[in-house]
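The values are calculated or read from the model by the stated rules, or taken from the named source; none is laboratory data. No experiment lies behind these values; they were computed from the predicted model shown. Cβ placement follows ideal geometry from the backbone for every residue including glycine, while neighbour counts extend to all protein chains displayed.
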Amino acid sequence: MGLTLAVAGKGGVGKTSVSALMIKALIDSGRGPLLAIDADSNSNLHEVLGVREPRSVGCVREDVRKMGDDIPGGMTKDRFMEYQIQACLEETKDLDLLSMGRPEGPGCYCMANNILREIISKVTSNYSHVVVDNEAGMEHLSRRTEEEVDHLFIVSDPAPRSLRTIARILELLEELKGRIHHTHLIITRVEGSPEDLPENVKKEIARLPFSPEAYVPYDEKLVELDLRGDPLVRISPDSSAYQAVKELLRNVGILNETANTQSAH
Ligand SMILES: Nc1ncnc2c1ncn2[C@@H]1O[C@H](COP(=O)(O)OP(=O)(O)OP(=O)(O)O)[C@@H](O)[C@H]1O
Ligand SMILES: [Mg+2]
């Protein structure tokens with residue numbers, strides 16, 4: 001079973017950007033095979049990865065549900081669904097991308113969701129690293145299909161209102177205890193050095209239940225790519241945001257020193 005990294009946080013703080021930078025760091029360090037999961041129903045991970053938009057798992061579930069017992073080729077429903085989900089994987093040289101689509105269709109079909117859960121864990125077991133970019137908020141995480149998260153990264157920008165949602169997110173995480181092995185805080189879009197943050201922001205940060213493990217700088221290179229609509233994975237390796245994310249992965253033991261220095265080209 002591979003290592004699962006999940007990125008979560010309030011809306012618009014920079015989750016998808018952090019996910020893309022993590023994915024780039026893993027690719028640059030020769031970590032593979034890699035699976036990226038877009039768990040935001042408003043999918044856009046494919047754009048920052050420069051990958052075609054995959055057909056979503058949610059669509060498959062709906063299609064299979066509508067088919068009732070009319071499964072082609074004498075396949076069982078589970079087998080057919082597994083086959084269909086495998087076909088949803090957008091495969092590229094560096095990574096595969098799976099898009100979850102909507103967390104639930106109209107009405108909750110728990111049976112289908114259990115089958116789905118099993119299929120997804122079977123699919124993810126083929127990869128050494130899985131990176132999940134989550135939808136804003138935390139409520140849906142408890143319904144997430146993946147069983148275990150090795151590293152959960154909670155992302156916030158330095159705005160006090162965003163920082164205060166971290167505590168609420170951590171409270172919601174209580175019910176997932178045991179399934180999440182390590183939790184890390186990332187403050188992103190930081191202008192200047194963390195010491196130069198306004199006093200009130202520093203106070204909010206000091207009040208957090210645990211200290212941020214990374215400050216990701218506000219990065220003009222990233223903004224430029226975004227404005228041009230170019231994939232963030234093409235960011236220059238000397239980008240400050242990329243460097244900070246790579247260093248974090250090294251600090252938490254996901255990347256090692258050697259793999260990192262070798263990836264400098
Ligand atoms: N380090 C950074 N420096 C500058 N701008 C950034 C940085 N990280 C993210 N941004 C900008 O912030 C905006 C939101 O980023 P992103 O889409 O990654 O957030 P998100 O949390 O995934 O949003 P959503 O909740 O809508 O999914 C984007 O315009 C992005 O370019
Ligand atoms: Mg996003």
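Can you pull out every residue in the range 12-29 that is in contact with a strand residue (DSSP E or B) (Cβ under 6 Å, 6 or more places away or on another chain) and within 8 Å of ligand 1 (Cβ to nearest atom)?
Initially, the range 12-29 is screened for residues in contact with a strand residue (DSSP E or B) (Cβ under 6 Å, 6 or more places away or on another chain), giving 13-16, 18-19, 22-23, 26.
Within the range 12-29, 13, 14, 15, 16, 18, 19 qualify.
Restricted to helices (runs of 4 or more DSSP H) entirely inside the range 12-90, those with at least 2 residues that are farther than 28 Å from residue 236 by Cβ, among the acidic types (Asp, Glu) and modelled with pLDDT under 95 are 57-67, 77-88.
On inspection, residue 205 fails the criterion of being outside any loop (DSSP other than H, G, I, E, B), in contact (Cβ under 8 Å) with a residue 40 or more places away in the chain and under 21 Å from the mean Cα position of the chain (by Cα).
Residues are listed down the side, and each one gets a yes or a no for (1) under 19 Å from residue 26 (Cα atoms); (2) polar (S, T, N, Q); (3) within 16 Å of ligand 2 (Cβ to nearest atom):
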{"site": "133", "(1), (2), (3)": "yes, no, yes"}
{"site": "160", "(1), (2), (3)": "no, no, no"}
{"site": "166", "(1), (2), (3)": "no, no, no"}
{"site": "223", "(1), (2), (3)": "no, no, yes"}
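Selection of the range 232-255 for residues being surrounded by 17 or more Cβ atoms within 10 Å (Cβ to Cβ) and either acidic (Asp, Glu) or in a loop (DSSP other than H, G, I, E, B) (or both) yields 235, 239, 254, 255. Evaluated against (1) modelled with pLDDT of 95 or more; (2) within 16 Å of ligand 1 (Cβ to nearest atom); (3) surrounded by fewer than 17 Cβ atoms within 10 Å (Cβ to Cβ), residue 197 falls short on exactly one condition, (3). Output yes when any residue across the range 138-149 is closer than 21 Å to residue 43 by Cα, surrounded by fewer than 21 Cβ atoms within 10 Å (Cβ to Cβ), at pLDDT 80 or above and within 16 Å of ligand 2 (Cβ to nearest atom), and no when none is. No, the range 138-149 contains no residue that is closer than 21 Å to residue 43 by Cα, surrounded by fewer than 21 Cβ atoms within 10 Å (Cβ to Cβ), at pLDDT 80 or above and within 16 Å of ligand 2 (Cβ to nearest atom). The residue that is modelled with the lowest pLDDT, among those in the range 1-11 that are of a type in the set (A, V, I, L, M, F, W, C) and more than 16 Å from ligand 2 (Cβ to nearest atom), is 1. Scan the range 220-257 for residues that are of a type in the set (Asp, Glu), under 20 Å from the mean Cα position of the chain (by Cα) and within 13 Å of ligand 1 (Cβ to nearest atom) and the total you get is 2.
Taken over the range 209-232, the criterion of being under 22 Å from residue 150 (Cβ atoms) and not small (Gly, Ala, Ser) is satisfied by 209, 210, 212, 213, 216.
Among the conditions (1) away from ligand 2 (no atom under 16 Å from the Cβ); (2) modelled with pLDDT of 95 or more; (3) in a helix (DSSP H, G or I), the only one that residue 258 does not satisfy is (2).
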